[in-house]
Amino acid sequence: MSSNKNILLCVTGGIAVFKAAALTSQIRQAGYEVKVMMTKSAMEFVTPLTFQTLSRNPVYHDTFDEKDPSGVAHIDLADWADLVVIAPATANSIGKLANGIADDMISTTLLATTAPIMIAPAMNVHMYEHPAVFSNMEKLADFGCRFIEPGEGLLACGYVGKGRLAEPVEILEAISAFFKEADHQVLLNKHVLITAGPTREHIDPVRFFSNRSTGKMGYALAEAAASLGAKVTLVSGPSVLKPPFGVEVIPVETAEEMFEAVMAHYADADLVIKSAAVADYRPKLTYDSKVKKSGGDLSVEMERTKDILKELGRYKTRQILVGFAAETDDVERYAKDKLERKNLDLIVANDVSQKGSGFEGDTNQVFIYGKDGYERKSALVSKKQVAEMVLEESLRFMKGLNKG
Ligand code: CTP
């Protein structure tokens, strides 16, 4: 079996190096091309000859040992790799990568590569739990590195806890899953514009009208679209959620700001998903200073905001337009009405009066209606699964396909 995929295995120093030898053999047997790079300390545990024999390739460890005058080894290897795996990854190697230090062949290559990096840490349990190591790992996760969690058990240092290098078979599974995912980059070169969260419509500097939306659905959509290879712009109302990796976030507060941001990116978008809960009304007057209470009641006169989705529907050219509808009754009728009125391709409706569906939670049950008459009802599933479903249906429209 041949997969034509190149894996650069970076072996850093720790007792788990012996497992990296088994991993090298398994990677090769699985049909991948593998080249191994070692740190000096890794070579204290197992010799390069072992890795050379198992990988059937030369082993690299010295930045200045340039055997081939036609190239620069660490740059060539950085470019050659489709995936870089660091296993075992010591606290030191994690720390160096997180902080941009390049003082040996592995750390230099890791900075020079644009290939995705997968990290399998292995260290003493207290080191693994140290805030410095934790924050380095968080930083690397933010840079887009993937982690293969260490196992728990008796560690070579005598402690029992988390820190044991994942088993070679688990690392191989993660590698296969990665390439499988990479082969599914069906939204590569597509621009997906997503709105998420609530809007805030201010009365004065300390008060506003808003709603219960948290942004979870929109952020899940953004993450799912990015993992399918799309360029994602997420126009987000106020939310405490962490922006998904690789997604451009444009923070907004009011419906008017959301309108401006969405319109600025509309012409370039291939797919627009409007999951934000936009306020339909805003106070007619916004006071510059805090409104003081008086003895009597207070009435706030409200005016309509722009219906962003309707405007998008009006000016639609090639874009696929997906709207959301949060209803409490007669879901199908209201949703289909919005689908038509706003010139959408798809509408995702949910009955927010149902338990587990709608605002704040991690789950949702949705009804998807297409302008071609297609209907799909989901079970009560995670918002991530709903996001995948919505993207699957959107893709069908983008390809101009109809489901039989
Ligand atoms: N939407 C929008 N701009 C608004 C209001 C809503 O773009 N000012 C979008 C939402 O992002 C969502 C869809 O429209 O995709 C919801 O449709 P809407 O008819 O506004 O739903 P409701 O607010 O529930 O309206 P209604 O009171 O008509 O049920």
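Side notes on the structure shown:
- Cross-link partners of K40 among lysines (Cα-Cα below 22 Å; sequence separation of 8 or more within a chain): K19, K67, K96
- Counting DSSP beta bridges with both ends in segment 6-182, the antiparallel % (nearest 5): 20 percent
- The Cα atoms of the chain cover 82, 58, 42 Å along the three principal axes, with the biggest extent listed first.
- For segment 320-343 versus segment 257-318, the gap between their alpha-carbon centres in whole angstrom: 18 Å
- Taking amide H as placed 1.01 Å from N in the peptide plane, S275 has its amide H under 5 Å from the amide H of T195, each at least 5 places away in sequence or on another chain.
- Excluding same-chain neighbours fewer than eight residues apart, the lysines reachable from K231 by a Cα-Cα span under 23 Å are K139, K180, K190, K216, K242, K274, K316, K383, K384, K399.
- At full extension, V186 and N57 could sit 43.1 nm farther apart than now, given 0.36 nm per residue minus the alpha carbon distance.
- Between the alpha-carbon centres of segment 138-179 and segment 46-125 there is a gap of 17 Å.
- Relative contact order, percent, the chain [alpha-carbon distance under 8 Å, six or more residues apart]: 10 percent
- Span from the segment 1-32 Cα centroid across to the segment 217-236 one, whole angstrom: 32 Å
- Label-reachable residues, segment 68-89, where backbone N falls under 16 Å from a point 7 Å from S3's Cα toward its Cβ: 81-87
- Lys/Arg +1, Asp/Glu -1 at C-beta; segment 100-218 dipole; positive extreme among G161, G144, I119: G144
- The charge dipole of the chain, taken about its Cα centre with unit charges on the Cβ of Lys, Arg, Asp and Glu (plus for the first two, minus for the last two), comes to roughly 700 debye.
- Restricting the GluC sites (Glu not before Pro) of segment 349-404 to loop positions (DSSP other than H, G, I, E, B) with no more than 12 neighbouring Cβ atoms within 10 Å leaves E360.
- Once each of the chymotrypsin sites (Phe, Trp or Tyr not before Pro) sitting in a DSSP loop with at most 16 other beta-carbon atoms within 10 Å is removed, the chain keeps 65-158 as its longest stretch.
- Among the GluC sites (Glu not before Pro) found in segment 35-138, those both in a DSSP coil and sparsely packed, with 15 or fewer other Cβ atoms within 10 Å of their Cβ, are E66.
- Protein accessible area in the chain, 1.4 Å probe - carbon and sulfur %: 52 percent
- For segment 24-35, putting each phi into the Karplus relation 6.51 cos²θ - 1.76 cosθ + 1.60 with θ = phi - 60° gives couplings of 4, 5, 5, 4, 5, 5, 7, x, 8, 8, 10, 10 Hz, in residue order, rounded to whole numbers and with x for Gly and Pro.
- Point-charge dipole on Cβ atoms (K/R +1, D/E -1) for segment 6-182, about Cα centre, debye to 20: 300 debye
- Looking at segment 176-278, none of the GluC sites (Glu not before Pro) sits in a DSSP loop with at most 12 other Cβ atoms within 10 Å of its own Cβ.
- For segment 191-398, a simple Cβ point-charge model (Lys and Arg +1, Asp and Glu -1, everything else neutral) yields a dipole of about 120 debye relative to the Cα centre.
- Farthest towards the positive end of the charge dipole of the chain, among the residues T90, F179, P205, is the Cα of P205, using unit charges on the Cβ of Lys, Arg, Asp and Glu.
- Highest-MSF residue in the chain out of G158, G358, G370 [GNM, Cα springs under 10 Å]: G158
- Using θ = phi - 60° in the Karplus curve 6.51 cos²θ - 1.76 cosθ + 1.60, the 3J(HN,Hα) couplings for segment 160-177 round to 10, x, 8, x, 6, 3, 3, 5, x, 5, 5, 5, 4, 4, 5, 5, 4, 4 Hz; x is entered for Gly and Pro.
- The calculated FRET efficiency for S41 paired with V352, based on their beta-carbon distance and R0 = 45 Å, is about 0.20.
- Average accessible area per residue (Å²) across the chain - probe 1.4 Å, nucleic acids and ligands excluded: 50 Å²
- Amide H contacts under 5 Å for V34, placed H, 5+ residues apart: I7
- Across the chain, the longest run free of exposed loop sites, meaning trypsin sites (Lys or Arg not before Pro) lying outside DSSP classes H, G, I, E and B with no more than 12 other Cβ atoms within 10 Å, spans 68-211.
- Karplus 3J(HN,Hα) series, Hz, for segment 5-18 with 6.51 cos²θ - 1.76 cosθ + 1.60 (x for Gly, Pro): 10, 9, 10, 9, 9, 9, 10, 10, x, x, 4, 6, 4, 4
- Sequence-distant residues sharing a close amide H with G358 (under 5 Å, placed H): Q365
The values are calculated or read from the model by the stated rules, or taken from the named source; none is laboratory data. Owing to the predicted nature of the structure, the values given are computational and were not obtained by experimental measurement. A quick note on method: Cβ atoms are made from the backbone with ideal geometry, for glycine too, and the neighbour counts reach across all protein chains shown. Ligands, DNA and RNA are stripped out before the accessible areas are found, and what is left, the full protein with its side chains, is counted by its heavy atoms. Shrake-Rupley method; radii C 1.70, N 1.55, O 1.52, S 1.80 Å.
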